[in-house]
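Working notes, beginning with the structure itself.
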Amino acid sequence: MRLLRLLPLAFFTTLFACAAPAAEDKLAPGINIVTVVGAIHGQHRRSETYSLAVLKAAIVKFDPDIIMVELPPERFAKASVNYEKFGEVRESRADDFPELIDVVFPLRQELGFEIVPVAAWTQKIADDRRAALATLKQDPARAKDWAAQQAAIASYNSAVSGRSDDPLFIHSEAYDGAVKAQQDVYEKMFGDDLGAGGWQNINAAHYKKIAIALDGLKGHEKRVLILYGAWHKYWFLEQLEAREDIQLRDAVELFED
């Protein structure tokens with residue numbers, strides 16, 4: 001590092017002038033640019049660090065052609081019709097996600113992007129999972145499994161303490177690693193018991209919809225932003241990294257000054 005500081009300014013001017021063009025400029029024809037932004041749902045309304053305004057600025061910075069959102073298609077259809085008719089989403093599942101009702105839907109009118117629903121969640125899946133977990137919690141034969149899960153939650157909470165609403169941390173390998181460590185235990189202990197609501201199964205179902213949507217965009221050279229609960233982010237990134245028809249952009253860049 002000391003040697004670099006001694007080099008004349010002209011060296012760096014020449015170096016950067018000869019450097020390869022930016023990654024976006026040298027994309028092969030037809031490649032879509034994809035980024036995955038992790039949302040913190042209701043916490044956006046309580047956080048100054050990762051407020052809805054901060055999220056909005058990040059989306060504007062990326063300037064997407066398409067935003068894929070955490071809503072099932074049928075729920076999205078109702079929310080979209082209501083927004084056009086009343087200026088409000090008025091859909092119960094969407095109401096749980098202020099990033100959608102307060103940012104994405106209003107911003108669509110300003111930026112003109114398309115919203116694509118890519119969630120596989122259903123009310124039945126949620127109800128069945130909730131009932132199964134309640135039964136497992138009360139089952140003496142599963143006490144060790146439950147204790148292991150609680151220990152994993154405690155480890156996660158320790159790892160993210162004081163940083164759970166920091167967008168720079170949320171879009172880091174450290175955050176993804178903490179989530180993965182907890183959810184790997186959750187899946188190991190209860191995945192087989194939860195059926196479609198198990199962590200592996202629900203993520204696979206969500207990602208199948210994302211993959212189908214991306215398949216339909218091959219060759220279109222679109223800018224695609226996937227906006228999902230932050231815990232799902234690492235799982236999606238692992239799958240997206242295997243695709244050759246997209247270029248993944250690190251979402252942390254959208255939150256840097």
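The values are calculated or read from the model by the stated rules, or taken from the named source; none is laboratory data. Remember, it's a predicted structure, so these values are computed and weren't measured experimentally. Please note: Cβ atoms are built from the backbone with ideal geometry, for glycine as well, and neighbour counts cover all protein chains shown. All accessible areas refer to the heavy atoms of the entire protein, side chains included, with ligands and DNA or RNA removed. Shrake-Rupley method; radii C 1.70, N 1.55, O 1.52, S 1.80 Å.
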### Candidates Glu173, Glu241, filtered to the one that is free of Cβ contacts under 8 Å to residues at least 60 places away in the same chain, touching a Leu at 6+ places or on another chain (Cβ under 8 Å) and either surrounded by fewer than 17 Cβ atoms within 10 Å (Cβ to Cβ) or under 26 Å from Phe105 (Cβ atoms) (or both)
Glu241
### Task
Out of Val116, Val54, Val81, Val104, report the one residue that is in a helix (DSSP H, G or I), open to solvent by 20 Å² or more (accessible area, probe 1.4 Å), touching a residue at least 60 places away in the same chain (Cβ under 8 Å) and out of contact with any Ser or Thr (no Cβ under 6 Å at 6 or more places or on another chain).
Val54
### Identity of the residue in region 213-227, out of contact with any Phe, Trp or Tyr (no Cβ under 7 Å at 6 or more places or on another chain) and open to solvent by less than 30 Å² (accessible area, probe 1.4 Å), that ends up nearest to Glu187 (Cα to Cα)
Leu227
#### Entry: Search result, residues across region 190-204 that are charged (D, E, K, R) and either touching a residue at least 40 places away in the same chain (Cβ under 8 Å) or in contact with an Asp or Glu (Cβ under 8 Å, 6 or more places away or on another chain) (or both)
Asp193
### Among residues of region 160-170, those that are over 14 Å from the mean Cα position of the chain (by Cα) and surrounded by 20 or more Cβ atoms within 10 Å (Cβ to Cβ), counted
0
### Task
Evaluate the following for Leu248: is it more than 20 Å from Glu99 (Cα to Cα) and within 14 Å of the chain's Cα centre (by Cα)?
yes
### Query
Take the residues of region 187-205 that are over 22 Å from Pro72 (Cβ atoms) and of a type outside the set (Asp, Glu): which is surrounded by the fewest Cβ atoms within 10 Å (Cβ to Cβ)?
Lys188
